[in-house]
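Novice: Shown below is the structure under consideration.
No lab work stands behind these numbers, since they all come straight from the coordinates. Keep in mind that what you see is a predicted model, and the values were worked out from it rather than measured. FYI the Cβ positions are ideal-geometry reconstructions off the backbone, even for glycines, and counts take in every protein chain you see.
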Amino acid sequence: MAGGDAGSVPDCERPDRLVEPVTEMTGWVADRGARAFCGCTFEWLAGVHLEVDLPFPSEHGLVGATRLETATWRGQEVPVSPLNLQLAVARHRGLDDRVAKIMNW
């Protein structure tokens with residue numbers, strides 16, 4: 001999921017849904033991130049580093065952010081990286097289970 005503020009995801013911020021609260025990160029792709037489970041896993045980041053798209057585009061970087069799509073989840077509009085970019089990244093990372101799920105969707 002994409003968003004400018006890692007602390008601003010409606011309904012997923014409830015303590016019973018947070019898997020990982022907003023966390024300051026060092027040495028990763030972004031400055032802050034969080035995870036929640038609201039019927040599926042939501043991950044969101046803020047302060048994504050420009051180099052995340054090098055040498056290949058990432059669903060977390062500006063390439064994905066400039067091509068956001070909207071998915072509807074339980075009546076809420078959720079900005080997400082394009083599915084074709086998620087598929088390319090999963091293939092590049094060797095995530096065969098994720099590739100199969102995307103292909104079967």
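Novice: Please give the net charge around residue 89, taking every other residue with its beta carbon less than 12 angstrom from that of residue 89, where Lys and Arg add +1 and Asp and Glu add -1.
Specialist: Taking every Cβ under 12 Å from that of residue 89, the sum is +1.
Novice: Hey, if you put +1 on the Cβ of every Lys and Arg and -1 on every Asp and Glu Cβ in the chain, which of 46, 21, 94 ends up farthest toward the positive end of that dipole?
Specialist: Ranked along the dipole, the leading option is 94.
Novice: Quick check: net charge around residue 60, other residues with Cβ under 13 Å of its Cβ, Lys/Arg +1 and Asp/Glu -1?
Specialist: Working: positive: 32, 67, 93; negative: 31, 43, 51, 53, 59.
Residues near residue 60 contribute -2 overall.
Novice: Further question: Mind checking the dipole of the chain: about its Cα centre, +1 per Lys or Arg Cβ, -1 per Asp or Glu Cβ, Debye to the nearest 20? Mind showing how you got there, number by number?
Specialist: Numbers: 10 positive and 15 negative charges, 64 e Å.
Computed about the Cα centre, the dipole is about 300 debye.
Novice: Let me ask something else. Using a 7 Å offset from the Cα along the Cα-to-Cβ direction at both residue 103 and residue 62, what is the distance between the two label points in nm, to one decimal?
Specialist: Rounded to a tenth, the inter-label distance reads 3.3 nm.
Novice: Mind listing the Cα extents of the chain along all three principal axes, in Å, largest one first?
Specialist: If we take the Cα atoms of the chain, the spans are 34, 33, 23 Å.
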